[in-house]
Amino acid sequence: MEKKEISQAVIGRLPRYFRYLGELRDEGVERISSQELSERMKVTASQIRQDLNNFGGFGQQGYGYNVEYLYVEIGKILGLDKQHNLILIGVGNLGQALVNYVNFERRGFIFRGIFDKDPQLYGTRVRGFIVRPMEELCDFIQENNIDIAVITIPKEGAVQVAEQLTNCGIKAIWNFAHVDLNVPPHVRVENVHLSDSLMKLSYNIERYEKEQELEN
(Lines give C-alpha, C1' and ligand atoms only; values in the text may rest on other atoms or scores of the structure.)
Protein backbone atom coordinates (compact mmCIF):
# COMPACT_ATOMS: atom_id res chain seq x y z
CA MET A 1 0.00 0.00 0.00
CA GLU A 2 1.30 3.44 -0.93
CA LYS A 3 2.20 5.54 2.09
CA LYS A 4 0.15 8.72 2.37
CA GLU A 5 2.16 11.90 2.65
CA ILE A 6 0.83 14.24 5.35
CA SER A 7 1.45 17.94 4.77
CA GLN A 8 3.53 19.90 7.28
CA ALA A 9 0.61 22.31 7.67
CA VAL A 10 -1.58 19.48 8.99
CA ILE A 11 1.19 18.22 11.26
CA GLY A 12 1.68 21.76 12.54
CA ARG A 13 -1.95 21.89 13.68
CA LEU A 14 -1.89 18.56 15.57
CA PRO A 15 -0.28 19.95 18.76
CA ARG A 16 -3.02 22.57 18.94
CA TYR A 17 -5.72 19.90 18.64
CA PHE A 18 -3.95 17.93 21.34
CA ARG A 19 -3.83 20.95 23.66
CA TYR A 20 -7.50 21.85 23.22
CA LEU A 21 -8.62 18.24 23.64
CA GLY A 22 -6.56 18.05 26.84
CA GLU A 23 -8.38 21.11 28.16
CA LEU A 24 -11.74 19.58 27.23
CA ARG A 25 -10.82 16.34 28.96
CA ASP A 26 -9.83 18.25 32.11
CA GLU A 27 -13.21 20.01 32.01
CA GLY A 28 -14.96 16.63 31.96
CA VAL A 29 -16.24 16.92 28.37
CA GLU A 30 -16.78 13.42 26.95
CA ARG A 31 -17.68 14.19 23.35
CA ILE A 32 -17.62 17.14 21.01
CA SER A 33 -18.68 17.86 17.44
CA SER A 34 -16.37 19.32 14.83
CA GLN A 35 -18.53 22.46 14.88
CA GLU A 36 -18.17 22.89 18.64
CA LEU A 37 -14.43 22.27 18.42
CA SER A 38 -14.15 24.79 15.60
CA GLU A 39 -15.83 27.47 17.72
CA ARG A 40 -13.27 26.92 20.46
CA MET A 41 -10.24 26.77 18.18
CA LYS A 42 -11.30 29.38 15.60
CA VAL A 43 -10.67 26.84 12.83
CA THR A 44 -13.42 25.79 10.42
CA ALA A 45 -15.21 22.52 11.11
CA SER A 46 -14.38 21.46 7.56
CA GLN A 47 -10.65 22.01 8.22
CA ILE A 48 -10.82 19.92 11.39
CA ARG A 49 -12.54 17.04 9.60
CA GLN A 50 -10.07 17.20 6.70
CA ASP A 51 -7.09 17.21 9.06
CA LEU A 52 -8.32 14.27 11.13
CA ASN A 53 -9.35 12.29 8.05
CA ASN A 54 -5.66 12.10 7.16
CA PHE A 55 -5.32 9.73 10.11
CA GLY A 56 -8.59 7.83 9.89
CA GLY A 57 -11.21 10.38 10.87
CA PHE A 58 -12.00 9.28 14.46
CA GLY A 59 -15.53 10.78 14.40
CA GLN A 60 -18.99 9.22 14.15
CA GLN A 61 -21.89 10.72 12.21
CA GLY A 62 -24.35 12.27 14.65
CA TYR A 63 -22.05 11.68 17.63
CA GLY A 64 -18.94 13.72 17.00
CA TYR A 65 -15.61 12.91 18.60
CA ASN A 66 -14.91 11.03 21.80
CA VAL A 67 -12.63 13.52 23.55
CA GLU A 68 -10.57 11.04 25.58
CA TYR A 69 -10.08 8.67 22.64
CA LEU A 70 -9.13 11.44 20.20
CA TYR A 71 -6.75 12.99 22.75
CA VAL A 72 -4.96 9.67 23.22
CA GLU A 73 -4.82 8.90 19.49
CA ILE A 74 -3.41 12.30 18.54
CA GLY A 75 -0.86 11.84 21.32
CA LYS A 76 0.21 8.58 19.71
CA ILE A 77 0.45 10.23 16.28
CA LEU A 78 2.69 12.90 17.81
CA GLY A 79 4.81 10.22 19.48
CA LEU A 80 3.84 11.38 22.97
CA ASP A 81 3.15 7.83 24.12
CA LYS A 82 6.93 7.37 24.18
CA GLN A 83 9.66 9.00 26.23
CA HIS A 84 12.19 11.20 24.44
CA ASN A 85 15.61 11.87 25.94
CA LEU A 86 17.04 15.36 25.37
CA ILE A 87 20.32 17.17 25.76
CA LEU A 88 20.90 20.92 25.79
CA ILE A 89 23.82 22.65 24.08
CA GLY A 90 24.33 26.23 25.20
CA VAL A 91 23.82 27.13 28.86
CA GLY A 92 22.77 30.76 28.38
CA ASN A 93 19.58 32.37 29.64
CA LEU A 94 17.37 30.70 27.03
CA GLY A 95 18.97 27.30 27.55
CA GLN A 96 18.55 27.49 31.30
CA ALA A 97 14.91 28.54 30.90
CA LEU A 98 14.20 25.52 28.71
CA VAL A 99 15.87 23.09 31.11
CA ASN A 100 13.86 24.57 33.98
CA TYR A 101 10.53 24.30 32.12
CA VAL A 102 9.05 21.25 33.84
CA ASN A 103 6.04 20.98 31.53
CA PHE A 104 8.27 19.27 28.96
CA GLU A 105 8.55 16.29 31.29
CA ARG A 106 4.77 15.96 31.49
CA ARG A 107 4.80 15.41 27.74
CA GLY A 108 7.58 12.82 27.94
CA PHE A 109 10.51 15.07 26.95
CA ILE A 110 13.21 14.42 29.54
CA PHE A 111 16.47 16.37 29.72
CA ARG A 112 19.41 14.07 30.47
CA GLY A 113 22.43 16.36 30.16
CA ILE A 114 23.63 19.86 29.33
CA PHE A 115 26.72 20.97 27.42
CA ASP A 116 28.68 24.14 26.73
CA LYS A 117 32.03 25.09 25.22
CA ASP A 118 32.92 27.57 27.99
CA PRO A 119 35.40 25.92 30.41
CA GLN A 120 34.32 28.30 33.18
CA LEU A 121 30.91 26.65 33.21
CA TYR A 122 32.16 23.07 33.50
CA GLY A 123 31.03 21.48 36.72
CA THR A 124 28.41 24.13 37.50
CA ARG A 125 24.80 23.00 37.81
CA VAL A 126 21.49 23.96 36.26
CA ARG A 127 18.48 22.29 37.87
CA GLY A 128 20.77 19.55 39.13
CA PHE A 129 22.47 18.92 35.78
CA ILE A 130 26.25 19.28 35.62
CA VAL A 131 27.49 21.33 32.67
CA ARG A 132 29.66 19.05 30.53
CA PRO A 133 32.32 19.84 27.91
CA MET A 134 31.54 19.27 24.24
CA GLU A 135 34.26 16.60 24.10
CA GLU A 136 31.94 14.28 26.04
CA LEU A 137 29.01 14.81 23.64
CA CYS A 138 29.21 11.69 21.45
CA ASP A 139 29.75 9.23 24.28
CA PHE A 140 26.90 10.78 26.26
CA ILE A 141 24.47 10.58 23.32
CA GLN A 142 25.21 6.92 22.73
CA GLU A 143 25.29 5.88 26.39
CA ASN A 144 22.04 7.64 27.28
CA ASN A 145 19.97 6.89 24.17
CA ILE A 146 19.51 10.58 23.36
CA ASP A 147 16.86 11.35 20.71
CA ILE A 148 16.81 15.14 20.56
CA ALA A 149 19.47 17.83 20.90
CA VAL A 150 18.34 21.35 21.81
CA ILE A 151 20.67 24.04 20.42
CA THR A 152 20.63 27.47 22.08
CA ILE A 153 23.96 28.88 20.94
CA PRO A 154 24.95 31.76 18.61
CA LYS A 155 24.51 31.01 14.92
CA GLU A 156 28.28 31.13 14.30
CA GLY A 157 28.77 27.79 16.07
CA ALA A 158 25.44 26.13 15.34
CA VAL A 159 26.36 24.68 11.93
CA GLN A 160 29.47 22.99 13.30
CA VAL A 161 27.59 21.67 16.33
CA ALA A 162 24.83 20.30 14.08
CA GLU A 163 27.47 18.45 12.05
CA GLN A 164 28.97 17.03 15.24
CA LEU A 165 25.55 15.91 16.45
CA THR A 166 24.83 14.23 13.13
CA ASN A 167 28.11 12.33 13.33
CA CYS A 168 27.23 11.26 16.88
CA GLY A 169 23.97 9.67 15.72
CA ILE A 170 21.40 12.19 16.97
CA LYS A 171 17.88 11.68 15.58
CA ALA A 172 16.53 15.22 15.81
CA ILE A 173 17.56 18.80 16.56
CA TRP A 174 15.44 21.54 18.12
CA ASN A 175 17.30 24.58 16.86
CA PHE A 176 17.01 28.01 18.51
CA ALA A 177 20.13 29.37 16.81
CA HIS A 178 19.33 32.09 14.29
CA VAL A 179 20.34 30.00 11.30
CA ASP A 180 18.55 27.30 9.31
CA LEU A 181 20.41 24.02 9.61
CA ASN A 182 20.98 21.72 6.66
CA VAL A 183 21.45 18.16 7.84
CA PRO A 184 21.04 14.69 6.28
CA PRO A 185 17.43 13.55 5.71
CA HIS A 186 17.54 11.03 8.56
CA VAL A 187 18.08 13.87 11.07
CA ARG A 188 14.91 15.86 11.70
CA VAL A 189 15.22 19.58 12.45
CA GLU A 190 12.75 22.07 13.88
CA ASN A 191 14.09 25.60 13.47
CA VAL A 192 12.67 28.06 16.01
CA HIS A 193 13.35 31.71 15.21
CA LEU A 194 11.89 33.79 18.04
CA SER A 195 12.46 37.09 16.23
CA ASP A 196 10.44 35.80 13.25
CA SER A 197 7.47 35.29 15.55
CA LEU A 198 7.80 38.83 16.89
CA MET A 199 8.00 40.26 13.36
CA LYS A 200 4.83 38.34 12.45
CA LEU A 201 3.14 39.84 15.50
CA SER A 202 4.37 43.31 14.45
CA TYR A 203 2.87 42.79 10.98
CA ASN A 204 -0.50 41.84 12.45
CA ILE A 205 -0.48 44.95 14.66
CA GLU A 206 0.23 47.13 11.64
CA ARG A 207 -2.46 45.44 9.55
CA TYR A 208 -5.08 45.82 12.30
CA GLU A 209 -4.26 49.51 12.82
CA LYS A 210 -4.53 50.22 9.09
CA GLU A 211 -7.88 48.41 8.94
CA GLN A 212 -9.13 50.52 11.84
CA GLU A 213 -8.01 53.71 10.07
CA LEU A 214 -9.92 52.72 6.93
CA GLU A 215 -13.07 51.94 8.91
CA ASN A 216 -12.91 55.30 10.66
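The calculated FRET efficiency for Ile6 paired with Leu194, based on their beta-carbon distance and R0 = 25 Å, is about 0.40.
Per residue, the chain exposes 64 Å² of accessible surface when a 1.4 Å probe is rolled over the protein heavy atoms with every protein chain present. For segment 8-22, the Karplus equation 6.51 cos²θ - 1.76 cosθ + 1.60, evaluated at θ = phi - 60°, returns couplings of 5, 5, 5, 4, x, 8, 4, x, 5, 4, 4, 5, 5, 5, x Hz by residue, with Gly and Pro reported as x. Here the chain is treated as a Stokes sphere of Kirkwood radius computed over C-alpha pairs; at 37 °C and 0.692 mPa s its diffusion coefficient rounds to 164 µm²/s. In the structure displayed, which of Lys42/Lys171; Lys82/Lys117; Lys76/Lys171 lie more than 23 Å apart, Cα to Cα? Too far apart for the 23 Å limit: Lys42/Lys171; Lys82/Lys117.
Modelled spin-label separation between Leu78 and Arg207, with each label point placed 7 Å from Cα along the Cα-to-Cβ direction: 2.5 nm. Shape class of segment 44-95 from the alpha-carbon gyration tensor: prolate, with a/c at 1.5 or above and a/b greater than b/c. In summary, segment 4-78 shows an alpha-carbon radius of gyration equal to 0.99 times the 2.2 N^0.38 Å reference for compact globular proteins. In this structure, the amide hydrogen of Phe111, modeled 1.01 Å from its nitrogen in the peptide plane, lies closer than 5 angstrom to those of Leu86, counting only residues at least 5 positions away or on a different chain. Comparing Tyr69, Met199, Ala158 along the charge dipole axis of the chain, the residue lying farthest to the positive side is Tyr69, per the Cβ-charge model.
Among beta bridges identified by DSSP and lying wholly in the chain, the antiparallel ones come to about 20 percent. Find which of Ile11, Gly28, Ile48 sits farthest along the positive direction of the dipole of segment 8-48, computed with +1 on the beta-carbon of Lys and Arg, -1 on that of Asp and Glu, about the Cα centre. Toward the positive end, the furthest listed residue is Ile11. Among Met41, Met199, Met134, determine the one that fluctuates most according to a GNM of the chain built with springs between C-alpha atoms less than 10 Å apart. Checking each option, the largest mean-square fluctuation is seen for Met199. Carbon-plus-sulfur fraction of the accessible area of the chain, 1.4 Å probe, in percent? On the chain, the fraction of accessible area on carbon and sulfur atoms equals 49 percent. In order along segment 88-98, phi translates into HN-Hα couplings of 10, 10, x, 9, x, 4, 5, x, 5, 4, 5 Hz, rounded to whole numbers, per the Karplus curve 6.51 cos²θ - 1.76 cosθ + 1.60 with θ = phi - 60° and x for Gly and Pro. With both residues required to sit in segment 45-168, DSSP beta bridges show an antiparallel share near 20%.
Using the Cβ of Tyr101 as centre and a radius below 13 Å, the other residues enclosed give a net charge of +2, where K and R count +1 and D and E count -1. When only alpha carbons are used to place a centre, segment 169-202 and segment 133-159 end up 15 Å from one another. Within the assembled protein chains, the solvent-accessible surface assigned to His193 is about 40 Å², based on a 1.4 Å probe. Put simply, the amide H of Leu80, placed in the peptide plane, has no neighbours under 5 Å, leaving out anything fewer than 5 places away on its chain. Proximity of backbone amide H atoms, modeled 1.01 Å from N, is registered between Arg188 and Ala172, Ile173 at under 5 Å, excluding neighbours fewer than 5 places apart on the same chain.
Can you give the FRET efficiency for Glu105 and Leu214, using 1/(1 + (r/R0)^6), R0 = 35 Å, r = Cβ-Cβ distance, to the nearest 0.05?
0.15
Computed log10 I(q)/I(0) for segment 24-119 at 0.15, 0.19, 0.25 Å⁻¹: -0.74, -0.92, -1.25, from the Debye equation with unit scatterers placed on every C-alpha and solvent omitted.
Where both residues lie in segment 138-216, what percent of DSSP beta bridges are antiparallel, nearest 5?
On the way: 0 of 8 bridges.
The answer is about 0 percent antiparallel.
The values are calculated or read from the model by the stated rules, or taken from the named source; none is laboratory data. All figures in this text were calculated on a predicted structure; none of them were measured in a lab. Neighbour counts run over all protein chains shown; Cβ positions are idealised from the backbone, glycine included. To get the accessible areas, we keep the full protein, side chains included, count just its heavy atoms, and leave off ligands, DNA and RNA. Shrake-Rupley method; radii C 1.70, N 1.55, O 1.52, S 1.80 Å.
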